[in-house]
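To keep things clear, I will list the structure first and then write my remarks on it.
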Amino acid sequence: MKKAFFITLFFFFFATAFAITGKSDTDTVSVSNKQELKAALSKNILNIKLNNDIHYDDNERFFINSDVNIIGNNHAILNDGSNQRDWPGFTLNKNDLNVSYNNVTFGDNNHIQSWYGILQGSWYRANLKINNVNYIGFTAAQPFYLNKDTKLTFTGNNNFYTTPGKGSGQEFLEGATNIVFDENSVTNIYHNTNTSTAGFLWPSDTTNISVKKNAQVNINTSKKIFCWGANFNLNLDDNSVFKINSTLNGVTMGTNTGNVTLNSGSYFEAVGNGSFGEQASDNINFSTINPRGLLIENKKSKGLFNHDVTLNNKSTFPYFFDYYNPSKQTQPASSGNNILNNNVFGSNSTKLFYHAKTKTIGDVTSTVKSNPLISQINLNNLNIEGPYYYKGIEYKIYQKSLVSDIDSDNSQNIITNDSTADFKGITNDDYVDVTNVPAGNYVVYMRAKGQSLSSSYEDTTSQWIAKDINVKKSMLDITVPIKTDFTVLDNSLFTSDNQYKIVNNSNFTFKYYIDSDLPKKESGSANLVDKIDSDTPNKSIYLALKVRDTKNDILPFVHSADKTMKISVPGFKGESIFNVIGQYKGPINYSKYENLSYIIKLFFE
């Protein structure tokens, strides 16, 4: 019995102890001033929510002794002091704490910032998360001064804005060697301080920088060197973006060895006012696996590279280098290592873009059948070549070529802007049948649209390609009247009551005409003549076809060979509609009905 009682007592004590010492995510305290903030931190509150801006002075610290989540509630942390060299603000007091800032602003245009960052943590390691944070340092201060073993993670949308002002030009970050820009995050850094320190980053050891899937990092800085004093590894996950713009110098990525890996759909951009690597003899190595692209640009002078840079092309699609020396030139990227320098791209080059060769894929055939008529140009097996999902084809079809050199930029623009195509359209399928195409020779222009692998947005359009195709003539298929009837009542010019038509069921335009030979008389006593006048003998008749929808063209049954008139009828059920007209000369016996019959020959060509 004592044994059972002891066990019951033990579990009761354990539960009580857990209730006293545990912390949960629902543990939240709101604070309105620095005194309340200090009190909440001393009680190890997990979630501290700001109800007002928090003001503090030089050498005034907020000690962090346990995990804490500062919820800014769109309020600011403001330093009312005047000495940037002091160590005020949030300060770590032990190792391995989780600290996060959410929806909070540090500083404004009227308050200084410390040289030692928004978390005084150089003595202790921590996990620091920055989520939807704004940092304003008009006095050129430094946002981060951290322990080398601290992990710094950016999530959400963060904006850092630092200008020279009266202060010294500190780094953006010092100490930490593990930096993560989390999935779908956007981090904008404007760090244009003066150059009293040369580095944007000054880590304590080899630094790993990870830009996760779909994250974007945009850096604008006056610092001479991206990573000072240590090796670094920069990894761009699928569809991530890393851009750095150097406002005063050419972009120099490091002082030691830097490895930059571009994975599927990622994009790297380095734009500066000088050559790439001009500030240090660094060793920069790019490794690429089907990225969206890599761009290096010198906006100030000519010559892209200060020394050799290596690009290890591991992509599974063809990639090319476009470079401007000064006009655009292109050369293929080799599989494996490519050495990038001015010997390869010229001493006058100003921009280099490494990208996949996007190519339209498709077969062009024609189909012609009769009864019923089918006359088509068929675009089949449509696709796009490169690291992209196929999203569709735009096509334009002409009876003659628009350009002579389709690969030139000017020719590409001509095709894009032209609106005179005989047939045009866009399809998202892998085939399209262009119908009712007249027989003849055609040039088919096609360009494909693609979406970057693993991304949710359309981001590329290939160049136009051209393919020739012939659409053969179908069998001549005509619907014609076999008999026309009319009545002659007097010697006046008459028009038949009924209209008749010839229908072209072929895929080409034909012309028809009446042979100049005399029509065959089947019955009756009247002779066919080419006109009726005073010299025409009695018992003569003039007959002709009067064609509508033209200029009232007249096709006489009897005419000379040099006056043969031809009427065009377009294909695909085009019509020629006519009446029979004529005039009889001679006496008419109204008590007797006489039948006149003639056979005329219609010729088609």
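The values are calculated or read from the model by the stated rules, or taken from the named source; none is laboratory data. As the structure is a prediction and not an experimental result, all values here were calculated from the model. No Cβ is skipped: glycine too gets one built from the backbone with ideal geometry, and neighbour counts run over all protein chains shown. Remember, those area values only see protein heavy atoms, side chains included, never the ligands or the DNA or RNA. Shrake-Rupley method; radii C 1.70, N 1.55, O 1.52, S 1.80 Å.
One table, with the values for the structure above:
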item	result
Dipole axis of the range 260-373 (+1 Lys, Arg; -1 Asp, Glu on Cβ), positive-most option in Gly336, Thr310, Val364	Val364
Cα lying deepest toward the dipole's positive end in the chain, options Asn283, Ile112, Ala198, charges on Cβ	Asn283
Efficiency of FRET between Asn378 and Glu594 - r from beta-carbon atoms, R0 41 angstrom, step 0.05	0.10
Per DSSP, loop trypsin sites (Lys or Arg not before Pro) in the range 547-584 with at most 15 further Cβ within 10 Å	Arg548, Lys551, Lys566, Lys573
Accessible area (Å², per residue) of the chain, counting only protein heavy atoms and a probe of 1.4 Å	48 Å²
Dipole magnitude (debye, nearest 20) for the range 503-575, charges at Cβ of Lys, Arg, Asp, Glu	200 debye
Contour minus Cα-Cα distance for Asn491 and Ser408 (0.36 nm per residue)	22.7 nm
Difference of contour (0.36 nm per residue) and Cα-Cα distance, Asn93 to Asn73	4.7 nm
Near-label residues of the range 92-125 by backbone N, under 20 Å of a point 7 Å along Cα→Cβ of Asp205	94-98, 121-125
Summed residue charge, Cβ within 11 Å of Val271's Cβ, Lys/Arg positive, Asp/Glu negative	+2
Thr316-Ile478 FRET efficiency (beta carbon distance; Förster radius 51 Å; 0.05 resolution)	0.35
Three-way shape call for the range 191-330 based on the alpha-carbon gyration tensor, with the a/c threshold at 1.5	oblate
Magnitude of the charge dipole, the chain, Cβ model with Lys/Arg +1 and Asp/Glu -1, debye to 20	500 debye
Local electrostatic count at Ser516 - Lys and Arg +1, Asp and Glu -1, tallied over other residues with Cβ under 11 Å	-2
Full-stretch length increase - Leu602, Asp533 - with 0.36 nm per residue and alpha-carbon distance subtracted	22.2 nm
Other-chain or far-sequence residues with amide H under 5 Å of Gly586's (modelled H)	Lys539
Gyration tensor (Cα) of the range 313-422, equivalent ellipsoid semi-axes in angstrom	37, 19, 9
Sulfur and carbon atoms: percent of accessible area, the range 295-390 [1.4 Å]	44 percent
Antiparallel bridge percentage (DSSP; both residues within the chain; nearest 5)	45 percent
Spin-label pair Lys566/Ser366, simplified geometry with 7 Å Cα→Cβ offset, distance in nm	2.0 nm
Computed accessible area, Ser597, all protein chains, 1.4 angstrom probe, square angstrom	40 Å²
FRET efficiency, Ala39 to Phe423 (Cβ-Cβ, R0 60 Å, nearest 0.05)	0.20
Options Ser404, Thr461, Val488, ranked by Cα towards positive dipole end of the range 380-522, top entry (Cβ charges)	Val488
Charge dipole magnitude, Cβ of K and R +1, D and E -1 - the range 401-536, Cα centre, debye nearest 20	280 debye
Span from the the range 76-100 Cα centroid across to the the range 161-240 one, whole angstrom	20 Å
Filtered chymotrypsin sites (Phe, Trp or Tyr not before Pro), the range 79-139: DSSP coil and at most 15 other beta carbons within 10 Å	Trp123
Identified option (computed Rg and Dmax of the Cα atoms in Å; candidates (1) 24.2, 83; (2) 42.5, 150; (3) 25.7, 81)	(2)
Rounded percent of accessible protein surface that carbon and sulfur make up, the range 454-605, 1.4 Å probe	49 percent
Of the chymotrypsin sites (Phe, Trp or Tyr not before Pro) in the range 527-605, those whose Cβ has at most 13 other Cβ within 10 Å and which sit in DSSP loop	Tyr590, Tyr593
The range 404-446, accessible surface, carbon-and-sulfur percent (1.4 angstrom probe)	40 percent
Built amide H within the under 5 Å cut-off of Ser287, gap 5+	Val260, Thr261, Leu262, Asn312
Theoretical ellipticity at 222 nm over the chain - DSSP helices of four or more residues, -39500 (n - 2.57) apiece, nearest 500	-2000 deg cm²/dmol
Nearby lysines by direct alpha-carbon distance to Lys585 (threshold 29 angstrom, same-chain neighbours under 8 apart not counted)	Lys483, Lys501, Lys520, Lys521, Lys531, Lys539, Lys546, Lys551, Lys563, Lys566, Lys601
